Amino acid sequence: MWESGGGRSSRLHVHTARRCPAALSARPQPSLPAPVLSDPSRYHSAGGPGYTGPVTDSPLKKISEAEYLRTEEASPFKREYVDGFVYALHSQDGLTAQAGATSNHGLICTNLIAALHRPARQRGCQVYASDMRVRGDLSGTRYYYPDIVLTCEDLPGDARYAQAPCLIAEVLSRSTQDTDRREKVWAYQSLSSLQGYLLVDTAARAARLYRREAEGWREEYAEGGGQVTLPCVDLPLSLDEIYDGVRL
């Protein structure tokens, strides 16, 4: 998925971006003015097989935010919402719901949650796994399900989404990596509360961190035996910790 030097060597690449970031590859890529729905058939109001909510007449037909929130409660599959288009999340082996992700994906998420939990709690914040949505209002209302959300909001116990996350992490898979590296970079960076967006590969020991600074967004890329320092909790995190127990 990303460039890798092989072995256990460590390399760190740092870039600075003003507005739109580059994609995850080491080479800079064109800025993205807006996400492109290259496959509109992915965006639909159905939640997949067995879904009992409404099905639109066309994959191009939108539903309201209220309808999405209402029908999401009945959907057996997680569905994200992008300016009226609703689409079911897919794992490498099909729709993501009770059927889990790959073992490497799950282990990496577990390692990230374990590393972040205590530092977050010491600052009065919380870390949530993939069931907590993030709401944004850039170019239309959006709801995403990040793999990891760290927020210092005072959320009620029955909260189903956060609006002011401080740190978001996505662990890549074949089916989500393009969205995670392009559309979501642009969408997440529009959140004024966000201080960092971490992307972690599942096919190689590599991570890219987008960090908000006074002059814009700065990118850090680490591979092999490198590390990244996560904002919000000021946590140095090595790739050895991120990939503990992961077979690559």
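The values are calculated or read from the model by the stated rules, or taken from the named source; none is laboratory data. Note that the structure is a prediction, hence the values are computed from the model and not measured. Counting neighbours? That spans all protein chains shown, and the Cβs are built from the backbone with ideal geometry, glycine included.
Observations on the model:
- Apart from one condition, ARG135 fits all of (1) among the basic types (Lys, Arg); (2) under 21 Å from LEU89 (Cα atoms); (3) in contact (Cβ under 8 Å) with a residue 40 or more places away in the chain; the exception is (3).
- Any hit, the stretch 152-159, residues being modelled with pLDDT under 95, of a type outside the set (A, V, I, L, M) and either farther than 25 Å from GLU72 by Cα or within 17 Å of the chain's Cα centre (by Cα) (or both): no
Okay, residues lined up against (1) of a type outside the set (Phe, Trp, Tyr); (2) free of Cβ contacts under 8 Å to residues at least 24 places away in the same chain; (3) crowded, with 16+ Cβ neighbours inside 10 Å:
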site: THR141; (1), (2), (3): yes, no, no
site: TYR144; (1), (2), (3): no, no, yes
site: ALA164; (1), (2), (3): yes, no, no
site: LEU172; (1), (2), (3): yes, no, yes
site: SER190; (1), (2), (3): yes, no, no
site: GLY226; (1), (2), (3): yes, no, yes
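- Odd one out for VAL233 among (1) among the β-branched types (Val, Ile, Thr); (2) in contact with a helix residue (DSSP H, G or I) (Cβ under 6 Å, 6 or more places away or on another chain); (3) closer than 30 Å to ARG70 by Cα: (3)
- Residue in the stretch 77-90 that is modelled with pLDDT under 90 and either more than 24 Å from ALA187 (Cα to Cα) or surrounded by fewer than 17 Cβ atoms within 10 Å (Cβ to Cβ) (or both) present: no
- Flag not set for ALA66, criterion: modelled with pLDDT under 90 and small (Gly, Ala, Ser).
- Some residue of the stretch 108-124 being of a type in the set (Gly, Ala, Ser), modelled with pLDDT of 85 or more, surrounded by fewer than 19 Cβ atoms within 10 Å (Cβ to Cβ) and part of a loop (DSSP other than H, G, I, E, B): yes
- Some residue of the stretch 228-240 being touching a strand residue (DSSP E or B) at 6+ places or on another chain (Cβ under 9 Å), surrounded by fewer than 19 Cβ atoms within 10 Å (Cβ to Cβ) and within 15 Å of ARG133 (Cα to Cα): no
- Residue count, the stretch 192-207 (criterion: over 24 Å from GLY224 (Cα atoms) and either within 13 Å of the chain's Cα centre (by Cα) or of a type in the set (Ser, Thr, Tyr) (or both)): 3
- Screening the candidates ARG212, ARG182, ARG205 for the property of being without any contact (Cβ under 8 Å) to a residue 40 or more places away in the chain and crowded, with 17+ Cβ neighbours inside 10 Å yields one hit, ARG212.
- GLY53 being modelled with pLDDT under 85 and more than 16 Å from LYS184 (Cβ to Cβ): yes
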